[in-house]
Amino acid sequence: MRLFRSLTRAGCRLGSSHSIPLATLAVCLVVPSLRAQAPQDSDAAMHRFVAGLMAKMTLAEKIGQMSQIARHAPPVISHEESVRREQVGSFLFMRDPQEIDRLQHIAVEETRLHIPLVFGFDVVHGYRTIYPIPLAMAASWDPSVAEMAQHMAAREASAVGVRFAFGPMVDIARDARWGRIMEGAGEDPYLGSKMAAAEVIGFQGKKLGAPDSIMASVKHFAGYGATSGGRDYDESEISDNLLWNLYLPPFHAAEQAGAETFMAAYMNLNGVPASANAWLLNDVLRKQWGFKGFVVSDWETVPNLVTHGYAADAADAAARAVNAGVDMEMTSHDYLNYLEADVKSGKVSAATIDTAVRRILEAKYKLGLFQHPYAPEGAAERELVSPEQRHAAKLAAERTAVLLRNENGALPLKRDVRSIAVVGALADSKADTMGSWSLAGHYDDTVTILEGLRAKVGSSVEVRFARGVELERGNDSIFDPQFASPKPTLITQQQKDAAFAEAISTIKRSDVAVLVMGELQSMNGERASRESLDLPGDQERLLEAAVATGKPVVLVLLAGRPLTIPWASQHVPAILDAWYPGTEGGNAVADLLFGDANPGGKLPVTWPRSVGQEPLYYNPTLSQIPNDRDTMYWDGSNAPLYPFGYGLSYSKITVGGLKLSDEYLHAGGSLKATVTLHNESGVAGDQVVQLYVHQRAGLSARPVRELKGFERVTLQPGETRAVTIPVNAADLRYWSASDHGWHEGTGTFDVWVGDSSVATEHATFEEKP
Ligand code: BGC
């Protein structure tokens, strides 16, 4: 965690070498902080400025500020004209710096009020330089990696004039069938909260206003991760218990970290559409949490209020959304078309419009747009895919990979290997190295695993590539053909059989086989739910045939969700989950495979054995026979394939000797849990120390375990080190459905510390009021 904080403070620029050792990088990775130059204006000055401006605005101009228009969904009039007529406050999906600059000049110079536009984009895991997907970031168990990556993304985005990121996505997801699980931090509210806060700070800095800061939009508020059956956009029925204790905490953490905007979700939450849910947006977000920024709808969620069977027509939809607290409408034009009439008819008050506009103008003010509306001259050329960005992306990819299996030291690959069979179409696919939501990324910047391995071993080792099997999504993804995986080249059965046979013969002729398998990037993300979590297509058969050759086989997974690979987990000697590692993914994976980087990530989500177990998570409550849970299914095991928090490394770092600093924890206080780590191996590496608690008796049924602390540490060969994790009473607070209130955790607690959610080092303490 501390590593990246110190990186962001260090002071030297990186050269162009791609193989800088971690230690050197730790000293040299620079994130120059322009944030020191942020305007120091007081809130009072901002309020005066915005009030003065609003006093001059017509109702139509105010509604214009509340409208966000999509680049590729132009309204009846051109973008230029809508800017001139002040019918737009924000654009989304503009990428071209010249176009952004041109429209901003029109807004600032050719309109009556000179109000700058704010340009929004899905800066999900990088802008032009693509970083590992958010689920991978969570697998680093290192919030400072997430903070660093989002800061680097903010530097690129702001360099082209984009100052509004649609992220972080902080939806807790317990069901891997949901394709958007890749965009969040997984299943746990504590890990999710740490990642959420880190990402917000990465985007915004400590205070908005520096030229390289961009506003975060925390999404999707709230409960989208619980859509029924993992089907995207279906309704979410979430008990109050789960809402308060599981789904809302990461949103609250992001709000506390200073997020300037929130995005309302698509679905119904317990019967009320999230984009017209006054309880969520006004009572919880604003009144209880004190959020002061603005809320943007999701894509067309305002007109969709009619689809929900909630609003009577578009005018009613606009009124319901704005009255519930949605300040800006994304893409659709119901605000533009109907809000004026809604105000005239009294359905919406002028004060409601003023409140929304004030929030939007204040956000623009905080960003410094009134003083500096344009991206700094030459910033895009300097920043986009700079060597510094590449180094940061590679380091992030190395820190996010999870080693799932490594029998008899199958990895790292031996230096004396003479030939490597690289098998699987994903090994040579730029799009599938980048992952979904890489919309400003360029294929040409990206290093695939095949390219990374070739570059690493040079001409002394023969790297033989065979596609083996290709994958195809059954229906179009919402991003095709804008951002697409390569089209299949194997069409007939004869071609497919020949490619399969060629892959096996390539493996037979080589010293070792690296099979790159998983999912196309388009099988993840929005509208990408699955009814199976198996390796798609013919990959499993190829994997089994590869192992049957008797050659050493390494499986590298590219995927954005857990996969059901029980056979592989027993028979494939080494499995490395690289998720979607991004622009520098191929170089990172090559270093990981050869041991020049040591995997240290841990799973942020439970891996089931079979899809029928979903949703499967480590922190349920029990009702009976607690020791017999694994026989719950008569036709299968309830045990996970890999538990939450699990991951190996090339080092062997034990965690033992748990000691608590006190047997009592007093309300509002904290105690310390100390364990001793020992690196028994001759390889420097990382361990993620994880602390779980269980309250034995509460005012509600209490989960079997809950993560309440963690730290990723690096140990040198042979090193022994004490690691202390605080247990804070504040983190043990929970909401109880018995009296609909928050409670300190009182009574006896079990605490476990170890290297995964099945940690066995155990102690107890008492929490006293
Ligand atoms: C997604 C959002 C995204 C928006 C703009 C929507 O479909 O749900 O997450 O930010 O599109 O791309």
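The values are calculated or read from the model by the stated rules, or taken from the named source; none is laboratory data. Since this is a predicted model, take the numbers as computed values, not measurements. Glycine also receives a Cβ, built like all others from the backbone with ideal geometry; neighbour counts cover every protein chain displayed. The accessibility values were calculated without ligands, DNA or RNA, using every heavy atom of the protein model including side chains. Shrake-Rupley method; radii C 1.70, N 1.55, O 1.52, S 1.80 Å.
A few notes on this one:
- For the range 64-380, the carbon plus sulfur part of the accessible surface works out to 50%, probe radius 1.4 Å.
- Solvent-accessible area, 1.4 Å probe, carbon plus sulfur percent, for the range 676-766: 49
- In this view, the solvent-accessible surface of His571, computed with a 1.4 Å probe and all protein chains in place, comes to about 90 Å².
- Accessible surface, the chain, averaged per residue in Å² (probe 1.4 Å): 36
- Residues with amide H under 5 Å from that of His666, placed H, sequence gap 5 or more: Lys768
- Within the full protein context, the accessible area of His666 is estimated at about 100 Å² for a probe radius of 1.4 Å.
- Shape category assigned to the range 64-380 from the gyration tensor of Cα positions, a/c cut at 1.5: oblate
- Karplus-based coupling profile of the range 710-717, in residue order and whole Hz: 6, 7, 8, 10, 10, 10, 6, x, with θ = phi - 60° in 6.51 cos²θ - 1.76 cosθ + 1.60 and x standing for Gly or Pro.
- Note on the chain: helix-only mean residue ellipticity at 222 nm, from DSSP H runs of 4+ residues weighted -39500 (n - 2.57) and normalised by residue number, equals -8500 deg cm²/dmol.
- Net charge dipole size for the range 399-603 [Lys, Arg +1 and Asp, Glu -1 on Cβ; Debye, nearest 20]: 480
- Spherically averaged projected area of the range 172-235 from its Cα convex hull (nm²): 4.7
- Cut-off under 5 Å, modelled amide H: who pairs with Asp298 long-range: Ala264
- Beta-bridge orientation, the range 399-603: approximately 15 percent antiparallel, per DSSP, counting only bridges with both partners inside.
- For the range 234-241, 3J(HN,Hα) computed residue by residue from phi via the Karplus equation (6.51, -1.76, 1.60; θ = phi - 60°) reads 5, 5, 10, 10, 10, 5, 4, 4 Hz, glycine and proline entered as x.
- Amide hydrogen neighbours beyond the local backbone of Trp141, cut-off 5 Å, H modeled: Lys602
- Legend: calculated FRET efficiency, Arg48 to Ser700, from the Cβ-Cβ distance at R0 = 45 Å, rounded to 0.05, equals 0.40.
- Fully extended contour minus Cα-Cα distance, from Glu237 to Ser460, at 0.36 nm per residue: 74.5 nm
- For the range 186-259, the set of trypsin sites (Lys or Arg not before Pro) satisfying both a DSSP loop assignment and a count of at most 14 other C-beta atoms within 10 Å is given as Lys206, Lys207.
- The range 399-603 shape via C-alpha gyration tensor axes, a/c threshold 1.5: rounded
- Helix 314-324 and the long axis of the chain differ in direction by around 80°, with both axes built from C-alpha atoms.
- Between helix 189-204 and the chain: long-axis angle, C-alpha atoms, 0 to 90°, nearest 10: 60
- HN-Hα J in Hz across the range 248-260 - Karplus 6.51, -1.76, 1.60, θ = phi - 60°, x for Gly and Pro: 7, x, x, 5, 5, 4, 5, 5, 5, 6, x, 3, 7
- For a modelled paramagnetic label at Ser623, 7 Å from Cα along Cα-to-Cβ, the residues of the range 692-729 in reach, with backbone nitrogen under 16 Å, are 701-704.
- In the chain, the DSSP beta bridges split such that about 50 percent are antiparallel, to the nearest 5.
- Efficiency of FRET between Ser670 and Arg527 - r from beta-carbon atoms, R0 25 angstrom, step 0.05: 0.05
- DSSP beta bridges confined to the range 64-380 are antiparallel in about 10 percent of cases.
- Separation in nanometres of the label points that stand 7 Å from Cα toward Cβ, at Glu381 and Asn282: 5.2
- Helix 585-594 axis, angle to the chain major axis (alpha carbon atoms, nearest 10°): 20
- The range 90-126: trypsin sites (Lys or Arg not before Pro) in DSSP coil with no more than 13 other Cβ atoms inside 10 Å: Arg112
- Entries in Lys207/Lys768; Lys292/Lys344; Lys487/Lys602 that, when Cα-Cα distance is taken, lie over 31 Å: Lys207/Lys768; Lys487/Lys602
- Sparse-neighbourhood loop sites, GluC sites (Glu not before Pro) in the range 71-125 - DSSP loop, at most 13 other Cβ within 10 angstrom: Glu110
- Contact order for the chain, expressed relative to its length and based on alpha carbon pairs under 8 Å spaced 6+ residues apart, stands at 13 percent.
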